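Student: Pasting a structure below so you can have a look.
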Amino acid sequence: QKWEATVPGFEGPPPSSEMIRNVLRLARKDQVAPFVVEYRGQIVGQVTLSGLSFGSLASGAVGYWVSEAFAGKGITPLAVALVVDWAFTNLGIHRVEVCIRPENEASLRIVRKLGMRYEGLRRRYIHIDGDWRDHFCFAVTIDEVLGGLLARLVRGTADPRLADIPEADLVAARTPIR
């Protein structure tokens, strides 16, 4: 629940069936691309490419989750890399971003493993768990990963320092906005 997107003015996340219908409706309009994450025949998570923009912007944002029972097995970085490469190759997307809550250490490890570039702190950016939450933003462009993000992950050539967060942003994320 602490990572779930919520809608201001409503209690908790919407029912799963409503969320699925909404994602499928947006997918038919080419606004999102949802993927399930399967591990040894079992659905263990989801990766969604959303905020799709084509033309001169050619970008999208990746969101993801994986069941706690399957966290730490390298599944999520692999799934994210596959979706980013798919977006670059099949959709002609140029840039993909990932926005992560500052206290979500597991997701911060993923962008480090992938060598995604830190872009900044977005204050009170997404409504999560009943309130507007700060997020750190990371991105990658197609020209930064010639050969693909998956290949870079598999080769182990990602530079985790690209995801380093400046001390000023770490402090700001711990400081409430007045």
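The values are calculated or read from the model by the stated rules, or taken from the named source; none is laboratory data. The shown structure was predicted, so the numbers you read here are calculated from the model rather than taken from an experiment. FYI the Cβ positions are ideal-geometry reconstructions off the backbone, even for glycines, and counts take in every protein chain you see. Note: accessible area is taken over every heavy atom of the protein model, side chains too, but ligands, DNA and RNA are not part of it. Shrake-Rupley method; radii C 1.70, N 1.55, O 1.52, S 1.80 Å.
Student: Could you list, in sequence order, all residues of segment 167-177 that are open to solvent by less than 70 Å² (accessible area, probe 1.4 Å) and free of Cβ contacts under 8 Å to residues at least 40 places away in the same chain?
Tutor: Scanning segment 167-177 gives 171, 175.
Student: Looking at the structure I just gave you, is residue 105 under 27 Å from residue 166 (Cα atoms), without any contact (Cβ under 8 Å) to a residue 12 or more places away in the chain and acidic (Asp, Glu)? Before the answer, list the steps.
Tutor: Numbers: under 27 Å from residue 166 (Cα atoms): yes; without any contact (Cβ under 8 Å) to a residue 12 or more places away in the chain: yes; acidic (Asp, Glu): yes.
Taking the combined requirement at face value, the residue satisfies it.
Student: Sticking with this one: Only one of these is in a helix (DSSP H, G or I), out of contact with any Cys (no Cβ under 8 Å at 6 or more places or on another chain) and buried (at least 19 other Cβ atoms within 10 Å of the Cβ): 96, 83, 140, 62. Name it.
Tutor: Numbers: 96 fails: in a helix (DSSP H, G or I); 140 fails: in a helix (DSSP H, G or I); 62 fails: in a helix (DSSP H, G or I).
Result of the check over 96, 83, 140, 62: 83.
Student: Which of the residues belonging to segment 150-166 are part of a helix (DSSP H, G or I), in contact with a Phe, Trp or Tyr (Cβ under 9 Å, 6 or more places away or on another chain) and open to solvent by 60 Å² or more (accessible area, probe 1.4 Å)? Let's see the steps before the verdict.
Tutor: So the first thing to find is which residues in segment 150-166 are part of a helix (DSSP H, G or I), and the list is 150-155, 160-163.
After this cut, where a residue has to be in contact with a Phe, Trp or Tyr (Cβ under 9 Å, 6 or more places away or on another chain) as well, the list is 162-163.
Scanning segment 150-166 gives a single hit, 162.
Student: Condition check: on the phi > 0 side of the Ramachandran plot and in a strand (DSSP E or B). Does residue 147 satisfy that? Steps first, please.
Tutor: Values: on the phi > 0 side of the Ramachandran plot: yes; in a strand (DSSP E or B): no.
It is false that residue 147 is on the phi > 0 side of the Ramachandran plot and in a strand (DSSP E or B).
Student: Here's another thing I want to ask about it. How many residues, within segment 16-56, are without any contact (Cβ under 8 Å) to a residue 24 or more places away in the chain, surrounded by 11 or more Cβ atoms within 10 Å (Cβ to Cβ) and closer than 18 Å to residue 93 by Cα?
Tutor: Count: 6.
Student: Within segment 99-109, can one find any residue that is of a type in the set (D, E, K, R), surrounded by 14 or more Cβ atoms within 10 Å (Cβ to Cβ) and at pLDDT below 95? Explain how you work it out, then say what you get.
Tutor: Taking segment 99-109 and keeping what is of a type in the set (D, E, K, R), we get 101, 103, 105, 109.
Keeping just the survivors that are surrounded by 14 or more Cβ atoms within 10 Å (Cβ to Cβ) gives 101, 109.
Of the ones still in play, those that are also at pLDDT below 95 are 101.
Taking every residue of segment 99-109 in turn, at least one turns out to be of a type in the set (D, E, K, R), surrounded by 14 or more Cβ atoms within 10 Å (Cβ to Cβ) and at pLDDT below 95.
Student: Restricting attention to segment 64-96, and to residues there that are free of Cβ contacts under 8 Å to residues at least 40 places away in the same chain and of a type in the set (Gly, Ala, Ser), which single residue is nearest to residue 45 (Cα to Cα)?
Tutor: Once the filter is applied, the top-ranked residue is 67.
Student: Please enumerate the residues belonging to segment 85-102 that are within 15 Å of residue 31 (Cα to Cα) and aliphatic (A, V, I, L, M).
Tutor: Once the filter is applied, which keeps residues that are within 15 Å of residue 31 (Cα to Cα) and aliphatic (A, V, I, L, M), segment 85-102 yields 87, 91, 93, 96.
Student: When you look at residue 123, is it out of contact with any Leu (no Cβ under 8 Å at 6 or more places or on another chain), of a type outside the set (Val, Ile, Thr), farther than 15 Å from residue 62 by Cβ and crowded, with 19+ Cβ neighbours inside 10 Å, yes or no? Explain how you work it out, then say what you get.
Tutor: Values: out of contact with any Leu (no Cβ under 8 Å at 6 or more places or on another chain): yes; of a type outside the set (Val, Ile, Thr): yes; farther than 15 Å from residue 62 by Cβ: yes; crowded, with 19+ Cβ neighbours inside 10 Å: no.
Taking the combined requirement at face value, the residue does not satisfy it.
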